[in-house]
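> My questions will all concern the structure given below.
Please treat every number below as a calculation from the coordinates, not as lab data. Source: prediction; values computed, not measured. Positions of Cβ are generated from backbone atoms using ideal geometry, with glycine treated the same way; all protein chains shown enter the neighbour counts.
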Amino acid sequence: MEKPPVIVIAYHSGRGHTEVLAQSVRAGALAAGADVTMVTVDTMDDAKWEALDNADAIVFGAPTYMGSASGKFHTFAESTNKRWARQAWKDKLGSGFTIGACKAGDKDSTLGYFATLGAQHGMIWVSLGLLPGWHLSHESENDLNRLGYFNGAAATLPGDLPPDVMHKADIATAEHLGERVAQLTAIHLAGRAALAAEPSRAE
Ligand SMILES: Cc1cc2nc3c(=O)[nH]c(=O)nc-3n(C[C@H](O)[C@H](O)[C@H](O)COP(=O)(O)O)c2cc1C
């Protein structure tokens, strides 16, 4: 690999639960050889915008609040509109993760929203790439993707429990997402470099 894929995890966490998932996505991406930067989207500054603009892939993360991404994440998303207008993030890879206190809890709306945000920016969406765990009788809630999502990684934890008791299967699922984004970004970059090196395609 010539240069490691550069991945930014752009997330908001109210009380630390999404933070645990963000760190898990980071761990998975690091294990797959990526260069990872964490960007908390409720405290944006020039350096954070620059990190996002220079990324090869952006992974969005937010808790599900009232059936969608948290308000602070939406404020960040709306503030990307100038970048949207010039399609500044076009062809970056993207993915997302969320958590809710309810087992279902409308987390799918949040992941769907992240995919739409990525599509508006012309990004290439990376699915979770896992069959659902815990959907056949011999499977268990300790399996990867135990909640059965496809657009990204999702976790659930009762609202009164602290972030440090996050379910191990949800942590492993978030790590898997980070690893997958890193691997697919590396493949994408290698493909781009190979095409650019073809004499017939050279300017
Ligand atoms: C204002 C508010 C709205 C919430 N709405 C939902 C919801 O729609 N669905 C759900 O499953 N959990 C909901 N929750 C629970 C949070 O998603 C959950 O506690 C999550 O782990 C919080 O993550 P954080 O600590 O990163 O903010 C809500 C929590 C708050 C504070």
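> Past 31 Å, Cα to Cα, is the threshold; run 82/168; 82/107; 3/82 against it and keep the listed order.
82/168
> Moving on. Over the Cα atoms of the range 1-138, what is the Rg over Rh ratio if Rh follows Kirkwood?
Looking at the range 1-138, the ratio lands at 0.97.
> Run through every distinct alpha carbon pair of the range 93-203 and return the Kirkwood hydrodynamic radius in angstroms, one decimal place.
Over the range 93-203, the inverse of the mean reciprocal pair distance is 15.5 Å.
> At 0.36 nm per residue, and after removing the present C-alpha to C-alpha distance, how many nm does the segment from residue 198 to residue 141 gain when stretched out fully?
15.7 nm
> Moving on to the next point. Which residues make up the longest stretch of the chain that has no trypsin sites (Lys or Arg not before Pro) in a DSSP loop with at most 10 other Cβ atoms within 10 Å? Provide the component values of the computation, followed by the final result.
Numbers: sites that count: 15, 86.
With a cap of 10 other Cβ atoms within 10 Å, the longest stretch comes to 87-203.
> What is the Cα centroid distance between the range 76-114 and the range 166-200, reported in whole angstrom?
Between the Cα centre of the range 76-114 and that of the range 166-200, the gap is 18 Å.
> Can you say what percent of the DSSP beta bridges in the chain, counting only those with both residues inside, are antiparallel? Round to 5.
Bridges in the chain that DSSP calls antiparallel: roughly 10 percent.
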